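Everything below concerns the one structure shown next.
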Amino acid sequence: MINIKKFVKNAIIEDNGRGDLFYDVAPKGRFTAKVITKDDGIFAGEIYAKALAKTEKFECRFLKHDGDKLKKGDVIAKLEGKASILLSSERTFLNMLQHASGIATMANRFVSQVEDLEVALLDTRKTRPQLRDFEKYASRVGGARNHRLGLDDCLMLKDTHLRTIKDLKSFIKDARKRISWVTKIEIECETFAQVKESMEAGADIIMCDNMVPEQIKEVVEFRNKNYPNVLLEASGNISLSTVRDFALTGVDALSSGSIIHQATWLDFSMKFD
């Protein structure tokens, strides 16, 4: 919760600059307002908005909660406080909710395509700088699961890493002695030959990168027969229109940056009573 408090405080500072010019001339007394959605989708951002309300000292009662479906015209929340506070917080409050809800909505669209299948839908590290925790939280609300949060929770060897490694098997053997005993090693592969080499070298997870479903099915068959404990992830060119085809290959997980970087904000507005 400490990071969330810091996040919302910095967001308020960013918008207010040296101080909201309306603050000192705002009408006195307490006012009420409501937040209304102009779009259908999935709601997210509640815990951040609540932290903002607490920080700025206005009352906020949510009628919709993280993961709830939204219909155009729904009242999301009711607010009460000084006009100066409500109005100086308005844009930051709405931005957080709109951004998070847009990602949750996109994640939910992906998940709905494969929810009847035994496959995990993952986001990626393609997030906006300084917003990773926020955006990946919104992705989870929409039903997706997080891939790596950073470079410190899985040793992933992508094509650029592999160009620096001469002997993959020796590299992995040495790496096992340095990284945490519980840390997995994932290797990005673009060909069947790379898959075979990586499994033989001791990879825990294979990422089938930019392969078509027919290629991935061959990898799945090979894994099932020879390395049943190795996890398979498909990535690259996975969109709403193709996600189900990739899921039907039999991989354990699908990852798509589109869940976050192609999400469109939902449109919310604040109206004073």
Net charge near residue 43: determine it from the other residues with C-beta under 11 Å of the C-beta of residue 43, scoring Lys and Arg +1 and Asp and Glu -1.
-3
Percent of all alpha-carbon pairs of the range 50-98 at distances over 17 Å, whole number, is 32 percent
Kindly sort 47, 85 by accessible area of their heavy atoms, largest first, with the probe set to 1.4 Å.
47, 85
How many percent of Cα pairs in the chain exceed 33 Å?
35 percent
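Report, to the nearest whole %, how much of the accessible area of the chain belongs to carbon and sulfur atoms, 1.4 Å probe, protein only.
After summing per-atom areas, the C and S share lands at 50 percent.
Give the ranking of 126, 184 by solvent-accessible surface, highest area first, calculated with a 1.4 Å probe.
126, 184
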Starting from the 7 Å offset along Cα-to-Cβ, what nm value, one decimal, do you get for the label separation of residue 117 and residue 271?
4.2 nm
For the range 133-237, what class follows from the C-alpha gyration tensor (a ≥ b ≥ c being the square roots of its eigenvalues): rounded when a/c is under 1.5, otherwise prolate if a/b is larger than b/c, else oblate?
oblate
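Quick check: net charge around residue 23, other residues with Cβ under 15 Å of its Cβ, Lys/Arg +1 and Asp/Glu -1?
Residues near residue 23 contribute 0 overall.
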With r defined as the distance between the Cβ atoms of residue 130 and residue 32 and R0 fixed at 30 Å, what FRET efficiency is calculated, to the nearest 0.05?
0.35
In Å², nearest 10: area of residue 22 left accessible to a 1.4 Å probe:
80 Å²
Can you work out ³J(HN,Hα) from phi for every residue in the range 103-109, in order, using Karplus 6.51 cos²θ - 1.76 cosθ + 1.60 and θ = phi - 60°, giving whole Hz and x for Gly and Pro?
5, 4, 5, 5, 4, 5, 5
Pop out the ³J(HN,Hα) list for the range 37-48 in order, Karplus 6.51 cos²θ - 1.76 cosθ + 1.60 with θ = phi - 60°, rounded to Hz; leave Gly and Pro as x.
9, 9, 10, 7, x, 10, 7, 8, x, 4, 5, 6
By how many degrees, 0 to 90 and rounded to 10, does the Cα axis of helix 168-178 deviate from the longest principal axis of the chain?
50 degrees
Using a 1.4 Å probe, what is the accessible area per residue for the chain, in Å²?
55 Å²
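Roughly what % antiparallel, to the nearest 5, for the DSSP beta bridges in the chain?
Looking only at bridges with both residues in the chain, the antiparallel portion is about 50 percent.
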Under 8 Å for C-alpha pairs, at least 6 residues apart: give me the relative contact order for the range 139-227, rounded to a whole percent.
25 percent
Computed from the mean reciprocal separation of all distinct C-alpha pairs, what Kirkwood hydrodynamic radius does the range 151-206 have, in Å?
11.4 Å
Quick check: from the Cα gyration tensor, does the range 65-148 come out rounded (a/c under 1.5), prolate or oblate?
oblate
Student exercise: in the range 117-273, how many lysine pairs 8 or more apart or on different chains have Cα atoms under 22 Å apart?
26
Quick one: putting +1 on the C-beta of Lys and Arg, -1 on the C-beta of Asp and Glu, what dipole do you get for the chain around its Cα centre, in Debye to the nearest 20?
1020 debye
Work from the charge dipole of the range 177-240 (Cβ charges, +1 for Lys and Arg, -1 for Asp and Glu, about the Cα centre) and give the residue of 205, 191, 235 farthest towards its positive end.
205
Vicinal HN-Hα couplings computed from phi for the range 153-162 (Karplus, 6.51 cos²θ - 1.76 cosθ + 1.60; Hz; Gly/Pro x):
10, 6, 8, 9, 9, 8, 4, 5, 5, 4
Run the 1.4 Å probe and let me know the accessible area of residue 155, rounded to the nearest 10 Å².
40 Å²
Nearest-10 value in Å² for the accessible area of residue 46, using the 1.4 Å probe
20 Å²
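The values are calculated or read from the model by the stated rules, or taken from the named source; none is laboratory data. A quick note: this is a predicted structure, and the numbers were derived from the prediction, not measured. Heads up, the Cβs are rebuilt from the backbone with ideal geometry, glycines too, and the neighbour counts pull from every protein chain shown. Ligands, DNA and RNA are stripped out before the accessible areas are found, and what is left, the full protein with its side chains, is counted by its heavy atoms. Shrake-Rupley method; radii C 1.70, N 1.55, O 1.52, S 1.80 Å.
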